[in-house]
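Participant: One structure, as structure tokens, below. Some questions next.
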Amino acid sequence: MFAARGWLAEHPAAFRSLLIREAVPVDARPGNAVFRIDDESNGLYGIVSGAIGVEGGHRRQTPLLGHVMRPGEWFGIKALLHGGPRELTYRAMEPSRLLFLSRTRLVPLMRSDPDIAVRVGQLAEIGNRLGAWAVRDLLTPDAGRRLAAVLLRVLGVGEVVPDDPQGFWLTHAQLGEMANLSRHDVGRKLALFEAERWIECGYNRIRLLDAQGLGAFAYGDNAT
């Protein structure tokens with residue numbers, strides 16, 4: 001998985017092997033937080049399987065779900081850059097297997113080898129790109145295209161096969177929260193997407209059938 005998708009896929013096999021040797025496996029049950037806002041930053045996590053929801057917002061606001069991370073992706077870079085309390089909550093949305101790289105093991109490696117430090121530091125730029133992507137999706141004025149863009153992003157843009165044969169675990173309420181839509185609007189738009197054969201919906205499950213078609217609608221000029 002880490003050789004095929006995400007941050008580590010962009011780096012040499014020797015670097016991937018080094019980090020994986022230093023990591024320990026962690027299982028997360030659906031609904032459980034991997035860590036919460038204000039927890040002490042203790043390390044870096046990579047997603048082997050499952051899905052991790054990202055919740056956050058301004059300190060004066062109730063945290064909301066903004067994104068869902070999929071296998072191959074990593075999170076928790078703040079622990080390695082400057083430590084301190086966490087600023088987001090990461091919560092398992094499906095049964096998830098993670099790799100955990102503790103700060104106490106990785107920081108000495110970064111200090112001893114500038115190449116390792118540079119490669120790890122690239123995670124910060126990946127996080128910036130993801131944040132800009134999510135913001136741009138939410139600035140889409142048309143509700144249908146906005147939902148399509150959010151759905152494509154949180155389902156892994158067609159690069160990820162769901163662990164559950166019935167599809168990815170996602171509720172209308174979760175999609176509405178991420179796309180700033182009511183559950184009714186989400187249901188109505190998903191029915192249209194399903195009619196186009198871009199997706200297939202089950203009970204709190206979604207399968208992505210045509211990522212190219214959904215993306216063409218999300219980022220095209222036509223609105224529904």
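The values are calculated or read from the model by the stated rules, or taken from the named source; none is laboratory data. Values in this document were obtained by computation on a predicted structure and should not be read as measured data. Methodologically, a virtual Cβ is constructed for each residue, glycine included, from the backbone with ideal geometry; neighbour enumeration extends over all protein chains shown.
Participant: Could you look through segment 135-160, keep only residues that are within 13 Å of the chain's Cα centre (by Cα), of a type in the set (A, V, I, L, M, F, W, C) and in a helix (DSSP H, G or I), and pick out the one that is surrounded by the fewest Cβ atoms within 10 Å (Cβ to Cβ)? Break it down into steps so the answer makes sense when it comes.
Facilitator: Taking segment 135-160 as the starting set, the residues that turn out to be within 13 Å of the chain's Cα centre (by Cα) are 150-157, 159-160.
Remaining after also requiring of a type in the set (A, V, I, L, M, F, W, C): 150-152, 154-155, 157, 160.
Checking the rest, the ones that are also in a helix (DSSP H, G or I) come to 150-152, 154.
Values: V150: 26, L151: 25, L152: 22, V154: 27.
The extreme case among them is L152.
Participant: Of everything in segment 161-194 that's of a type in the set (D, E, K, R) and outside any loop (DSSP other than H, G, I, E, B), which residue is nearest to D210 (Cα to Cα)? Don't jump to the end; show me each part of the working.
Facilitator: So in segment 161-194, the residues of a type in the set (D, E, K, R) come out as 163-164, 177, 183, 185, 188-189, 194.
Next, from what is left, pick out any that are outside any loop (DSSP other than H, G, I, E, B): 177, 183, 185, 188-189, 194.
Numbers: E177: 23, R183: 23, D185: 21, R188: 19, K189: 16, E194: 10 Å.
So the residue we want is E194.
Participant: When you scan segment 68-78, do you find a residue that is in contact with a His (Cβ under 6 Å, 6 or more places away or on another chain), under 21 Å from H172 (Cβ atoms) and either β-branched (V, I, T) or at pLDDT 90 or above (or both), even just one?
Facilitator: If we filter segment 68-78 for residues that are in contact with a His (Cβ under 6 Å, 6 or more places away or on another chain), which is where we start, we get none.
No: zero hits.
Participant: Please go through segment 100-119 and give me each residue that is assigned to a helix (DSSP H, G or I) and under 11 Å from A23 (Cα atoms), ordered by number. Lay out the reasoning, then the answer.
Facilitator: Initial filter on segment 100-119 (assigned to a helix (DSSP H, G or I)): 103-112, 114-119.
Of everything in segment 100-119, those that are assigned to a helix (DSSP H, G or I) and under 11 Å from A23 (Cα atoms) turn out to be R103, R105, L106.
Participant: Could I ask something else about it? Evaluate the following for G176: is it farther than 30 Å from E10 by Cα and surrounded by 18 or more Cβ atoms within 10 Å (Cβ to Cβ)? Before the answer, list the steps.
Facilitator: On the way: farther than 30 Å from E10 by Cα: yes; surrounded by 18 or more Cβ atoms within 10 Å (Cβ to Cβ): yes.
In short, yes.
Participant: Looking at segment 22-48, which of its residues are part of a strand (DSSP E or B), surrounded by fewer than 13 Cβ atoms within 10 Å (Cβ to Cβ) and of a type in the set (D, E, K, R)?
Facilitator: First, pick out the residues of segment 22-48 that are part of a strand (DSSP E or B): 24-28, 33-35, 40, 43-48.
Restricting the remaining residues to those that are surrounded by fewer than 13 Cβ atoms within 10 Å (Cβ to Cβ) gives 24-25, 40.
E40 - this is the single residue of segment 22-48 that is part of a strand (DSSP E or B), surrounded by fewer than 13 Cβ atoms within 10 Å (Cβ to Cβ) and of a type in the set (D, E, K, R).
Participant: Can we say S49 is free of Cβ contacts under 8 Å to residues at least 12 places away in the same chain and either under 17 Å from G156 (Cβ atoms) or over 15 Å from the mean Cα position of the chain (by Cα) (or both)?
Facilitator: Details: free of Cβ contacts under 8 Å to residues at least 12 places away in the same chain: no; either under 17 Å from G156 (Cβ atoms) or over 15 Å from the mean Cα position of the chain (by Cα) (or both): yes.
No; evaluated as a whole, the condition is false for this residue.
Participant: Follow-up. Kindly check whether there is at least one residue in segment 9-21 that is under 21 Å from T89 (Cβ atoms) and either assigned to a strand (DSSP E or B) or at pLDDT below 95 (or both).
Facilitator: Taking segment 9-21 first, the residues under 21 Å from T89 (Cβ atoms) are none.
No: segment 9-21 contains no residue that is under 21 Å from T89 (Cβ atoms) and either assigned to a strand (DSSP E or B) or at pLDDT below 95 (or both).
Participant: Which pairs have Cβ atoms under 8 Å, sit 6 or more apart or on different chains, and link a residue in segment 21-42 that is within 17 Å of V54 (Cβ to Cβ) to one that is part of a loop (DSSP other than H, G, I, E, B) and of a type in the set (D, E)?
Facilitator: Sorted first by the residue in segment 21-42, then by its partner, the pairs are P30/E94; I37/E87.
Participant: Sticking with this one: Output yes when any residue across segment 120-134 is surrounded by fewer than 16 Cβ atoms within 10 Å (Cβ to Cβ), of a type in the set (D, E, K, R) and either modelled with pLDDT of 95 or more or assigned to a loop (DSSP other than H, G, I, E, B) (or both), and no when none is.
Facilitator: No, segment 120-134 contains no residue that is surrounded by fewer than 16 Cβ atoms within 10 Å (Cβ to Cβ), of a type in the set (D, E, K, R) and either modelled with pLDDT of 95 or more or assigned to a loop (DSSP other than H, G, I, E, B) (or both).
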